[in-house]
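The values are calculated or read from the model by the stated rules, or taken from the named source; none is laboratory data. Source: prediction; values computed, not measured. Reconstructed Cβ throughout: ideal geometry from the backbone, glycine too, with neighbour counts over all protein chains shown. To get the accessible areas, we keep the full protein, side chains included, count just its heavy atoms, and leave off ligands, DNA and RNA. Shrake-Rupley method; radii C 1.70, N 1.55, O 1.52, S 1.80 Å.
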Amino acid sequence: MSSQSYLPIKNQLLAALPETEYQRLIPHLELVSLSLNQVLYDAGELIEHVYFFNQGMCSLITIMENGAIVEVGLVGKEGMVGLPVCWGGNTTINQAMVQIPGTAMRMKAEHLKTEFNRGGKLHSLLLRYTQALFTHACQSTACNRLHTIEERLARWLFNVQDRMESDLLPLTQEFLSHMLGARRSGVTVAAGTLSQAGMICYSRGKITILDRESLEATSCECYRVIKNEYDRLLGKGSSEIC
C-alpha cells in the first residue's frame, strides 16, 4: 500500500469519499507544496493536473486586456482546483493562482476524469462542489455591484478565515484591491474604518480579525448565503441531497 494511505486527509472532498474510492485514488495522488503567487494553470492553458487543497488558498481570477484583475472564485481545503476537466472543456478563461501558501494533493487530470466517469461518490461530490462554487461566484458578483466596500471586505475576510481556520490572515491591501475589484485607496479607507471600530487589526501584510461578531454584523447577507450553500451541499446532511 502506498505511503499516501497513512497521510491525514485534510481536504474535505477526499475526506468524504468511501474508503474503496479513496484507496483507488491513492496511487495517483502526490503531496505537493504550493508557493505564493504560483500559477496552477493559466487562461487558455490545457489543465494537466488538479489540486485537492490541504492548506492554503487559491484564487480563480480574471485578467482583463488592460491588466485589471478581479477574483471570481476562491478555493481552500473545502475544494479542488481544476474543475473544468470534469466538464469536458479542459481549459478555462480564468487563471488559478496561489494566494496563501500551503499544500495539496495533486493528480493528473486524466486520472480524475477516469474516476469521475465511474459515477461514484467523487462524481456526486464534485457536482455539488461545482454548484457551491457557482453560487459563490454569482453572489459575489451581485455583492460587488450592490454593496459597500466595507461590507464586501468583511464578507471576503470571512470567506478567507473559514478556509484558513485562523484569525490571522496574510493579506496585503494591494492583494485585497485586486480580489475585490476596487481601488487600493478605497480598500485602505474600508480597512481603516473596520480597524478604528476594533473589528480588525491591520499591519503590514497581515490582517487579524479581533471581533468576529461585530464584523459579521457589518458584513452584508452575502457571506451567510454563500456559507449556507457550501454547508448544505458539502457539509453535514449533504448526503441526504438527491
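Here GLY120 meets the list (1) crowded, with 17+ Cβ neighbours inside 10 Å; (2) closer than 15 Å to LEU14 by Cα almost entirely, failing just condition (1). For VAL70, the criteria (1) part of a helix (DSSP H, G or I); (2) surrounded by 13 or more Cβ atoms within 10 Å (Cβ to Cβ); (3) not small (Gly, Ala, Ser) hold in every case but one, which is (1). Of the set (1) surrounded by fewer than 14 Cβ atoms within 10 Å (Cβ to Cβ); (2) more than 25 Å from THR141 (Cα to Cα), all apply to LEU210 but (1). In the range 120-144, the residues that are of a type in the set (Phe, Trp, Tyr) reach residues that are open to solvent by 10 Å² or more (accessible area, probe 1.4 Å) with C-beta atoms within less than 7 angstrom, at least six apart or across chains, in these pairs: TYR129/LEU234.
Within this structure, ILE93 fails the test of being in a loop (DSSP other than H, G, I, E, B), under 19 Å from ASP162 (Cβ atoms) and at pLDDT below 95. With the structure loaded, tell me whether VAL39 is crowded, with 16+ Cβ neighbours inside 10 Å and β-branched (Val, Ile, Thr) or whether it fails that test. Spelling it out, it is not the case that VAL39 is crowded, with 16+ Cβ neighbours inside 10 Å and β-branched (Val, Ile, Thr). Scanning the range 194-231 for residues that are part of a helix (DSSP H, G or I), modelled with pLDDT under 90 and more than 21 Å from LEU74 (Cα to Cα) gives ALA217, THR218. Looking across the range 82-103 at every residue that is out of contact with any His (no Cβ under 8 Å at 6 or more places or on another chain) and small (Gly, Ala, Ser), the one that is surrounded by the most Cβ atoms within 10 Å (Cβ to Cβ) is identified as ALA96.
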